[in-house]
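Q: Here's a structure for you.
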């Protein structure tokens, strides 16, 4: 596997990679921003500890508000504070925000282009034991369709930290998708993070994997497996879902012929849809979408569920082999 030196990555195959949930990065970044910006406010819906907003609350209790188990109020009150000139960060479980408060997010935040930054935590089947009712698998579809909303799914702790700071520095609504489970941290402080810019992590020519969030590291491991089969696999991290990097996607499609998307989300409305929409207008190519095939998750460990639904390294590699075999038949 040929890593892109411009990405300044740690060895994704290393057993020494530290693991951390991206929700922890959201909390750490928010607490740091609180010390830099007296105008920053944090809010939650009785889950400040779980989504790590509590780190801000502990340091700056006079700038933290808990609205209780009322996500619709969470969005509306946050919008009102933003109208008054505040930069507002709200943290909740993704299944409830934007799941429960979508209309308030649409009308009070996005329609008004309010300066509200949303954290949706405990997303995807990797949430595991919380079960199907709490595994947000539609949150990207709900937010990606909203005007003015920037949607980010960070691939690890370092990228999530950078995403929060980017949201702070950029006016307007943001949705940052975070994990409950700890995932390997393989990017570094030197790894570039530019909103809307695709990060090419490894180079290849036979097939390109475009991943997001917690499936990104697994996609790199799948590329390593495929290399042993003589398959050259490019891997890219598409952290910004609301504004796909069409030029970079077209370049990958021309170079590899086939693109495979991998996401811990429904295949409709998420990463796969965003890639297909972009390429349809720029350079139509075959796209294989890996993700939840319009079904709900179930209760179990995050690792076991990712394996069952083919979203870990072996499942990703197997799907890539099928695509290579299909290409050879043509």
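The values are calculated or read from the model by the stated rules, or taken from the named source; none is laboratory data. Quick caveat, the model's predicted, so the values are computed rather than measured. Virtual Cβ from ideal backbone geometry, glycine too; neighbours counted across all protein chains shown.
Q: Sort out which residues of the range 53-76 are surrounded by fewer than 19 Cβ atoms within 10 Å (Cβ to Cβ), out of contact with any strand residue (DSSP E or B) (no Cβ under 7 Å at 6 or more places or on another chain) and more than 16 Å from residue 102 (Cβ to Cβ), and write them in order of number.
A: Passing the criteria: 58, 59, 60, 61, 62, 68, 69.
Q: Now a separate question. Based on this model, can you work out whether residue 26 counts as within 20 Å of residue 175 (Cβ to Cβ) and without any contact (Cβ under 8 Å) to a residue 40 or more places away in the chain?
A: no
Q: Do the conditions hold for residue 50, that is, is it surrounded by fewer than 18 Cβ atoms within 10 Å (Cβ to Cβ), over 30 Å from residue 234 (Cα atoms), touching a residue at least 40 places away in the same chain (Cβ under 8 Å) and assigned by TED's automatic domain parsing to the domain that holds residue 122?
A: Yes, satisfied.
Q: With the condition kept exactly as written, say whether any residue in the range 171-185 is under 19 Å from residue 6 (Cβ atoms), in contact (Cβ under 8 Å) with a residue 40 or more places away in the chain and more than 12 Å from the chain's Cα centre (by Cα).
A: yes
Q: Also, I was wondering about something else. What number of residues within the range 131-158 are touching a strand residue (DSSP E or B) at 6+ places or on another chain (Cβ under 9 Å), surrounded by fewer than 24 Cβ atoms within 10 Å (Cβ to Cβ) and under 19 Å from residue 311 (Cβ atoms)?
A: So the count comes out to 3.
Let's see how each residue does on (1) touching a helix residue (DSSP H, G or I) at 6+ places or on another chain (Cβ under 7 Å); (2) part of a helix (DSSP H, G or I); (3) in the same structural domain as residue 53 (by TED's automatic domain parsing):
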site	(1), (2), (3)
151	yes, no, yes
161	yes, yes, yes
205	yes, no, no
216	no, yes, no
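Q: Among the residues in the range 236-252, are any surrounded by fewer than 24 Cβ atoms within 10 Å (Cβ to Cβ), in contact with a helix residue (DSSP H, G or I) (Cβ under 7 Å, 6 or more places away or on another chain) and part of a helix (DSSP H, G or I)?
A: Checking the range 236-252: at least one residue is surrounded by fewer than 24 Cβ atoms within 10 Å (Cβ to Cβ), in contact with a helix residue (DSSP H, G or I) (Cβ under 7 Å, 6 or more places away or on another chain) and part of a helix (DSSP H, G or I).
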